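Written out below as structure tokens is the structure these notes cover.
The values are calculated or read from the model by the stated rules, or taken from the named source; none is laboratory data. All of these numbers come straight from a predicted model, not from anything done at the bench. We place every Cβ from the backbone using ideal geometry, glycine too, and count neighbours over all the protein chains shown. Quick note on the areas: whole protein, heavy atoms, side chains included, nothing else; ligands and nucleic acids left out. Shrake-Rupley method; radii C 1.70, N 1.55, O 1.52, S 1.80 Å.
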Amino acid sequence: MFLLVVIYVAFIGLGLPDTILGAAWPLMHLDLKTPISAAGILSIIASLGTIVSSLCTPKFLRILGTGKLVAYSIALTAIASVGYGNADSFNVLCLWAIPMGIGAGAVDVAMNNFAAIYLESKHTNWLHASWGIGATLGPSLLSFSIMIGSGWRGAYEYVAASLTAIFILILISLPLWKKTEARGGLSENVTIPASSENVKVASPGNAPRTAAPPDNNANNAPHISIREALRVPGMKLSFLTFFFYSALEISTSLWCGTYLIACGFKPEIGAFIVSLMFASVMIGRIASGFFAIKFTDHRLIYAGIFIVAAGCLVLSLPLPLWMQPACICLLGLGCAPVYPSLIHATPARFGESLSSQAISIQLAGSYIGSILMPPAFGLVAAKFTVHLWPISLSIFVGLLLLCVCLLDYVTHKKLNKSYARERVIDILHTVTMETIKRERRIQRRLRNRQKKR
């Protein structure tokens, strides 16, 4: 449980610095005497560092292990946050954006890979909801810092202090990370068949969704290059799936407010509706964590895509203005289960030995999609109208659905085996729990009889 708490706290820390830049930039560009448009350059530098880092992470995972890599990456992000808070020019800020992106990319791949292999699907959804908590706390720290007179620089100092505390917490828990990877899960009662590659834990209690034998541990798997990994059937489709998902999600968050104002909402109302959309994503991920107990990742992915498609369809219709906030929240609820479920299904699609390479490729596709596609719609909106936003979202949803269908078709044999294995273990787990309950009832009756005598 302590390691699980540390993982949740690490995900909250991962979200802390992600949203401060956008909220603080109106103050930062005035303080640094930089054009307001320069935020795009800073974002691109950090994103490029994240892409390179995510592609190199599998190699460092094999050398350091998940715990040490996450600790060092969070430390790097904390140092970069200190650099942001003390930067006296935009050029210095650009230099610090490089370690900020590198640290974020390494943490993202390492944590998602660990969650996909060793944790249940519900935890993967709740961990990404925890990222949303961190993303929400970031602007709150900025507001607090401004209120007490520390300005935007103080906000980055608070983030650095929080990340330092998380770094110390991960250092304390390093033996638990190693033990979990060696044992194949968080449960103390894991029993791993020697002939199985990816078996769900049958022990009672809060057990991880899958377990891998020590000799098949993802960190000790034979190394293959990114080029060789891309030749694995379905890997390129996986890249495109994450590319179009991020195009959908980032375009929704970036252009939603502009679209609402163009439709006739006041700026403050539009900003409130955007915050409702982010809240619906977080609420949706918490809810999908409970649904993941009964439903497979496969079903959650399609359910989310169809909810987003329904939101885009309704948003495209000439409906009353008051209905649009509900459609925006529908987009957030639909996006909620897709990303975590796609991540968690990765070991089932490609095997645990390729999980880290696959997730690094997927996240690279996600970052590239978030860099290229939202500005591409910006060009469309500038040349034509921002009212084409629902149509562009519909195109992204259609391409995402096509990629997911093709990816499932290519990897359906592995997925079916994985889900069938999980179903068998679910039944065994249920039988085991019923047996334990029956034995406890018998023991209770015996104790009661002895007391009466």
Worksheet entry | Helix 66-86 vs. the chain, principal-axis angle (Cα, 0 to 90°, nearest 10) | 20
Discussion item. What does the extension gain come out to for Ala165 and Phe272, with contour length at 0.36 nm per residue minus their alpha carbon separation?
Written reply: 35.3 nm
Worksheet entry | Spin-label model distance (nm) - Ile44 vs Leu30, 7 Å beyond Cα toward Cβ | 2.7
Worksheet item: Excluding same-chain residues fewer than 8 positions from Lys68, which lysines have a Cα within less than 24 Å of its Cα?
Response: Lys59, Lys178, Lys179
Worksheet entry | Prolate/oblate/rounded call for the chain, Cα gyration tensor, a/c under 1.5 rounded | prolate
Worksheet entry | Dipole magnitude (debye, nearest 20) for the chain, charges at Cβ of Lys, Arg, Asp, Glu | 2320
Worksheet item: What FRET efficiency comes out for the pair Leu174/Lys59, r = Cβ-Cβ distance, R0 = 30 Å, nearest 0.05?
Response: 0.90
Item to complete: Take the alpha carbon atoms of segment 126-170, find their radius of gyration, then divide it by 2.2 N^0.38 Å using N residues; give the quotient.
Response: 1.24
Item to complete: Can you pull the one-decimal nm distance between simple spin-label points at Met323 and Gln443, each 7 Å off the Cα toward Cβ?
Response: 5.9
Discussion item. Less than 14 Å Cβ to Cβ from Trp96, Lys/Arg counted +1 and Asp/Glu -1: what total charge do the surrounding residues give?
Written reply: -1
Fill in: Sparsely packed trypsin sites (Lys or Arg not before Pro) within segment 1-82, loop by DSSP, other Cβ within 10 Å at most 13
Lys33
Worksheet item: Does anyone have the angle between helix 355-383 and the longest principal axis of the chain? Alpha-carbon axes, 0 to 90°, nearest 10?
Response: 30
Response to the item:
Gyration tensor on Cα atoms of segment 270-318, a ≥ b ≥ c root eigenvalues, a/c under 1.5 rounded, else prolate if a/b beats b/c, else oblate, says oblate
Worksheet item: From the residues Gly149, Leu446, Gly369, which one has its Cα farthest along the dipole of the chain in the positive direction, the dipole being from +1 and -1 charges on Cβ of Lys/Arg and Asp/Glu about the Cα centre?
Response: Leu446
Worksheet item: Mind listing which trypsin sites (Lys or Arg not before Pro) in segment 266-321 are in a DSSP loop and have 14 or fewer other Cβ atoms within 10 Å?
Response: Lys294
Discussion item. To check my understanding: the extent here is largest minus smallest coordinate of the Cα atoms along each principal axis. What are those three numbers for segment 21-154, in Å, largest first?
Written reply: 46, 27, 22
Response to the item:
In whole µm²/s, the translational diffusion coefficient that Stokes-Einstein assigns to segment 272-393, given a Kirkwood hydrodynamic radius over C-alpha pairs, 10 °C and 1.306 mPa s, equals 99
Worksheet item: What FRET efficiency do you get for Ile224 and Ala279 if R0 is 45 Å and r is their Cβ-Cβ distance, rounded to the nearest 0.05?
Response: 0.65
Worksheet item: What angle do you read, to the nearest 10 degrees and between 0 and 90, between the alpha-carbon axis of helix 90-118 and the longest principal axis of the chain?
Response: 20
Item to complete: Please report, as a whole percent, how much of the solvent-accessible surface of the chain comes from carbon and sulfur atoms (probe radius 1.4 Å).
Response: 68
